[in-house]
Amino acid sequence: MYDLITELYPICRSMTGDGVRQTLEIVGRLMPLETREAPSGTPVFDWTVPKEWNIKDAYIRDPEGKKIIDFAQSNLHVVGYSIPVRRVMSLAELKKHLFTLP
């Protein structure tokens, strides 16, 4: 079980997307699964399948260029369905976009 969790934990999963597919493929090695896909926008009961959200990389660098927040180190460093941003900004401006615990 520990090996399974070790393999599953780093996978970035949202409600849809490549992380879900990868997770189901791994679980499918352990038990029979039948999967079906529904395109984004498909109504399902009282819900509509959302757009896929797949992420490849994300990070924040300090003024010296060192990565201080890195998605490769923890997928919890990015809020799901975040939009891509490529820009230099002050710490004060960046703080408006960060979610942290006190």
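The values are calculated or read from the model by the stated rules, or taken from the named source; none is laboratory data. What you see is a predicted model, and the numbers here were worked out from it, not measured in a lab. Please note: Cβ atoms are built from the backbone with ideal geometry, for glycine as well, and neighbour counts cover all protein chains shown. Side chains included, ligands, DNA and RNA excluded: accessible areas come from the protein's heavy atoms. Shrake-Rupley method; radii C 1.70, N 1.55, O 1.52, S 1.80 Å.
Scan region 1-24 for residues that are free of Cβ contacts under 8 Å to residues at least 12 places away in the same chain and not in a helix (DSSP H, G or I) and the total you get is 3.
Whether a residue is closer than 30 Å to residue 94 by Cβ, in contact with a helix residue (DSSP H, G or I) (Cβ under 6 Å, 6 or more places away or on another chain) and open to solvent by less than 50 Å² (accessible area, probe 1.4 Å) was assessed, and residue 11 passes this test. Across region 53-68, the number of residues qualifying as assigned to a loop (DSSP other than H, G, I, E, B) and open to solvent by 80 Å² or more (accessible area, probe 1.4 Å) comes to 5. Within region 69-83, the set of residues being touching a residue at least 12 places away in the same chain (Cβ under 8 Å), in a loop (DSSP other than H, G, I, E, B) and open to solvent by 70 Å² or more (accessible area, probe 1.4 Å) comprises 72, 79, 81. Remark: pairs (first residue in region 32-56, more than 14 Å from residue 20 (Cα to Cα); second residue exposed (fewer than 10 other Cβ atoms within 10 Å of the Cβ); Cβ separation under 8 Å; 6+ apart in sequence or on different chains) = 48/41. Would you call residue 40 polar (S, T, N, Q) and either open to solvent by less than 40 Å² (accessible area, probe 1.4 Å) or out of contact with any Ser or Thr (no Cβ under 9 Å at 6 or more places or on another chain) (or both)? So residue 40 does not fit the description; no.
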